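> Handing you this structure, nothing more for now.
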Amino acid sequence: PRLANQIAAGEVVERPASVIKELLENSLDAGATRIDIDVEEGGVKLLRVRDNGRGIIESDLPLALSRHATSKIIDLDDLERVATLGFRGEALASVSSVSRLVLTSCAEGADQAWQVETEGRDMNPRVQPAAHPQGTTVEVRDLFFNTPARRKFLRTERTEFSHLEEVVKRLALSRFDVAFHLRHNGRSVLSLRPAHTEQEAQRRVASICGPAFIEQSVTIDQERGGLRLWGWVGLPTFSRSQADLQYFCVNGRMIRDKLVAHAVRQAYRDVLFNGRHPTFVLFLELDPAVVDVNVHPTKHEVRFRDGRMVHDFLFSTLYRALAEQRPDGQGP
Ligand code: ADP
Ligand code: MG
């Protein structure tokens, strides 16, 4: 079961994008309202995440890095395995074992910041005084410098960065209240201020998905039987050549779900947007008691207590909104 858990937990340290995901989730867990991400060479050379969250107290700093890790990592094979599978609750330990990592933090209410530094499987990181405002900075350099087999699986700088950027976008779309700034090789890629109003939310979506998506989409906002669906669905005139533009957020968590994908596809097809690939940024809000977001440990999937009801709600809401946009003006 232990191994099964590890496999089910997903690949924590597969590539720079998976590292960023863990670091951003930690920052959000710590209550950060602003997150700055600096990346060099697709993240292989440098990944730095700075937040203004609660921080880590001095005595917890070494624990954050070494938890469970020491007893497991025995030889290079084990390192490769950690890099491939990762361990839930040990993201920082896993990342620190395959990189040069500096963790700097100033805890809420503390009068001093502290720092630990590790290089690969360093068992006894020393804690030193540092300068840092309240919050935490995790700096990861030279990812996989000591795991050549893993490093070989990395793609080009551009590909690695696009995976990483996608992770940031997904989180930024699920947390409008948090500011995100992403820089690659010194250039600003995303600069997202907190969005509290509808207009600010729309601006964030335009920044992330491109202004053309907002211009060529239908705005959705529908509430029925304790379910609320809001967001944007792209019209068939909006074509996007690159990756899929499909974001679906359930109660603040970005997910990929078969039932959801099916409902959207069916609405598209039935409105006769034949062969069109749906594009959407949608938010579903419902009573947390009727949805289980922890079906899969990586939390991409959900299980609705009444899947049919959710499917019908999604389908009918989207069908009606899209049908009104049909060129022939024929409503449903
Ligand atoms: P997990 O998040 O599953 O507990 P991690 O290895 O990701 O495991 O992080 C270890 C611990 O380090 C966290 O539980 C948290 O206490 C602390 N930590 C990590 N990153 C941050 C951060 N950005 N701000 C505050 N605490 C953090
Ligand atoms: Mg974590």
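> Given (1) out of contact with any Leu (no Cβ under 8 Å at 6 or more places or on another chain); (2) over 27 Å from I208 (Cα atoms), identify the lone condition not met by V127.
(1)
> While we're here: May I ask you to list the residues in the stretch 114-125 that are surrounded by fewer than 23 Cβ atoms within 10 Å (Cβ to Cβ) and closer than 22 Å to G31 by Cβ?
Q115, the sole residue that qualifies.
> Of all the strands (runs of 3 or more DSSP E) wholly in the stretch 66-149, which have at least 1 residues that are within 24 Å of A17 (Cβ to Cβ) and modelled with pLDDT of 90 or more?
100-106, 113-119, 135-141
> Quick check: anything in the stretch 274-296 modelled with pLDDT of 90 or more and exposed (fewer than 14 other Cβ atoms within 10 Å of the Cβ)?
Yes, there is a match, as at least one residue in the stretch 274-296 is modelled with pLDDT of 90 or more and exposed (fewer than 14 other Cβ atoms within 10 Å of the Cβ).
> If only one of L61, L47, L3 is part of a helix (DSSP H, G or I), modelled with pLDDT of 90 or more and either under 19 Å from the mean Cα position of the chain (by Cα) or away from ligand 2 (no atom under 14 Å from the Cβ) (or both), which one is it?
Step by step, each of L61, L47, L3 is checked, and only L61 is part of a helix (DSSP H, G or I), modelled with pLDDT of 90 or more and either under 19 Å from the mean Cα position of the chain (by Cα) or away from ligand 2 (no atom under 14 Å from the Cβ) (or both).
The values are calculated or read from the model by the stated rules, or taken from the named source; none is laboratory data. Everything numeric in this text was worked out from a predicted model, so none of it was measured. Methodologically, a virtual Cβ is constructed for each residue, glycine included, from the backbone with ideal geometry; neighbour enumeration extends over all protein chains shown.
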